[in-house]
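J.: Here it is, the structure in full.
The values are calculated or read from the model by the stated rules, or taken from the named source; none is laboratory data. Bear in mind that the values here come from a model prediction, so they are computed numbers and not experimental data. Virtual Cβ from ideal backbone geometry, glycine too; neighbours counted across all protein chains shown.
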Amino acid sequence: MSERHGHGKARHRRRKTALLAGVPLALAAAGAMAYGTAFGVFGEDAQPKAAAAVAPDWADDTADGFASVHALGQQGTYGGRGGKTVTVRTLADLEKYATAREPYVIVVAATISMNPKGKEIKVASDKTIVGAGTSGQIVGGGFLLGQGVHNVIIRNLTIRDSYQGIWNDKEHDWDAIQMDGAHHVWIDHNNLRHMADGLIDSRKDTTYVTVSWNRLSDNNKTFGIGWTENTTADLTIHHNWFRETEQRNPSTDSVAHAHLYNNYLQDDPGTGITSSYGNYARGRTKMVLENSYFQGVTNPVIKDGTAGLVQRGNAFTRTSGRNESGGTAFDPKAYYNYRLDKAADVPALLESGAGPQSSIGTLVSADAAAAPRRAS
C-alpha cells in the first residue's frame, strides 16, 4: 500500500531497509564510509572528504501503479538502486553513465544543454536519473528508452526547450522522454515543457509504466501512447498537472489497462494555446478515469466507439464539448493498491506538489543530519 509523505507530496512505496541510493547493499549494511572520489557519491568535482552514508528519504522511494507490478522478469521498478551514485554536471558525464551497462543512480546537479539540439540520450536498463533538488535541468533534448530497456526512473528534472518555432512540427521528433518497447519505467516529479514534439511518448508496446506528479505545460503534442497494433500495454497516470497543452493529454491508443486518476487538466482563458481535447481513449483501450479535475478544457473526455472508458468521481469546471464514457474497463485494485484524493482537492495538491522538489535528489551526510537545527 502506498503512503502519503506530507501534504501535497507524492505517495510512494518505501522499502523497510534504509539505503543510500546507489550505494552497494553490503556497504550500506555495514555502515561504511562513503568517500568523494572521481566516481563516488559526491561526483567528479568533489573533494576527498569522508562523510558517513545517511540515506535521504527519497532514496527509498519506489514506483507505485503498474510500474510496481512484478512481470516480464522484473520485480517492480527501482532504477539504479544497488549501483554507484554519481553526480553529473556535463553532457559527457550524463551520457557516459546513462548508457553504461552497470546500474547507476545519476544525480543531475546543473543545467545541461544537449548538443546537437534535439539529442535524446539512449538510456540503458537499471538507471535512476534524478535532479538534485530543483537544479537539474536538461535543455534542448531528452531521453530515449529503446526496445527491451527496463527498470528506469526519470525523476525530479526539468526537461525543456527543444521547440523550433513550428507549433505542429512534423520535422523534429524531439521529445523530452520517448519510450519504444521499454518496460518498468517510472517518470515522476518532472517539469516537462516547450518541446519540438512530445513531452512523453510511450510507444511500441511500452508497458508497466507509471507517470506521476509531473508538470506538463506549454506544448502541442503532449503525451502520446500507442504506435502499435497490439493491445498489451499497462500504464498508470496519476497526480499530473497538464496546463496549456493542446492535444494528447494523453491520447491513449490500444492500451490494455490505462488507469488515470487525480490528474489536473487546466486550459487558461485568453492565451495563445487552446485545448483540442483532454483525456482520449482510442482503439481497443480500456480506461478507468477517476477523481481528476478538468478546468476550462474543450472536449475534456472523449473515446472511440471501440474503446471502453469508465468515469467516476471527476470534476469539471468551465469545460465544453464532448464528455464521454461507456463500455467496460477493469478494476485497478486487482493489480495494485492505491488511494484516491478528492477531485476538489487536486488543483491545490498539484500546484504545491507536482514538479521538481527540493527534498528529492539531495545527498545527506551524517554530519549534516546530526547538526542541531536553529529555532525559527
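J.: If Thr362 satisfies all but one of (1) in contact with a strand residue (DSSP E or B) (Cβ under 9 Å, 6 or more places away or on another chain); (2) at pLDDT 95 or above; (3) over 24 Å from Glu246 (Cβ atoms), what's the number of the condition it fails?
T.: Tallying (1) in contact with a strand residue (DSSP E or B) (Cβ under 9 Å, 6 or more places away or on another chain); (2) at pLDDT 95 or above; (3) over 24 Å from Glu246 (Cβ atoms), Thr362 fails exactly one: (2).
J.: Would you check if Asn214 is out of contact with any Ser or Thr (no Cβ under 8 Å at 6 or more places or on another chain), closer than 17 Å to Ala354 by Cβ and surrounded by 24 or more Cβ atoms within 10 Å (Cβ to Cβ)? Give the derivation first.
T.: Values: out of contact with any Ser or Thr (no Cβ under 8 Å at 6 or more places or on another chain): yes; closer than 17 Å to Ala354 by Cβ: yes; surrounded by 24 or more Cβ atoms within 10 Å (Cβ to Cβ): yes.
Considered against the rule, which asks whether it is out of contact with any Ser or Thr (no Cβ under 8 Å at 6 or more places or on another chain), closer than 17 Å to Ala354 by Cβ and surrounded by 24 or more Cβ atoms within 10 Å (Cβ to Cβ), Asn214 comes out as yes.
J.: Only one of (1) assigned to a loop (DSSP other than H, G, I, E, B); (2) surrounded by 20 or more Cβ atoms within 10 Å (Cβ to Cβ) fails for His259. Which number is that?
T.: Condition not satisfied by His259: (1).
J.: Still on this structure: Return the pairs, sorted by first residue and then second, in which the second residue is aliphatic (A, V, I, L, M) and assigned to a strand (DSSP E or B), the first residue lies in the range 273-285 and is without any contact (Cβ under 8 Å) to a residue 12 or more places away in the chain and surrounded by fewer than 19 Cβ atoms within 10 Å (Cβ to Cβ), the beta carbons are less than 9 Å apart, and the residues are 6+ apart or on different chains.
T.: none
J.: Go through the residues of the range 174-196 one by one and say whether even a single one is in a loop (DSSP other than H, G, I, E, B), more than 25 Å from Ser275 (Cβ to Cβ) and modelled with pLDDT of 95 or more. Step through it out loud before you land on a result.
T.: Applying the first criterion (in a loop (DSSP other than H, G, I, E, B)) to the range 174-196 yields 174-176, 181-182, 189-190, 194-196.
With the extra rule that they be more than 25 Å from Ser275 (Cβ to Cβ), the set shrinks to 181-182.
Checking the rest, the ones that are also modelled with pLDDT of 95 or more come to 181-182.
Yes, the range 174-196 contains a residue that is in a loop (DSSP other than H, G, I, E, B), more than 25 Å from Ser275 (Cβ to Cβ) and modelled with pLDDT of 95 or more.
J.: Show the residue pairs that are 6+ apart or on different chains and have beta-carbon atoms under 6 Å apart, the first residue being within the range 154-173 and under 20 Å from Val185 (Cα atoms), the second being of a type in the set (S, T, N, Q) and surrounded by fewer than 24 Cβ atoms within 10 Å (Cβ to Cβ).
T.: Matching pairs, first to second residue: Thr158/Gln137; Thr158/Asn191.
J.: Would you tally the residues in the range 327-358 being basic (Lys, Arg) and closer than 21 Å to Thr62 by Cβ?
T.: In the first step, residues of the range 327-358 are kept if they are basic (Lys, Arg); the result is 333, 339, 342.
This time we only want the ones that are closer than 21 Å to Thr62 by Cβ, so: 333, 339.
Of the residues in the range 327-358, 2 are basic (Lys, Arg) and closer than 21 Å to Thr62 by Cβ.
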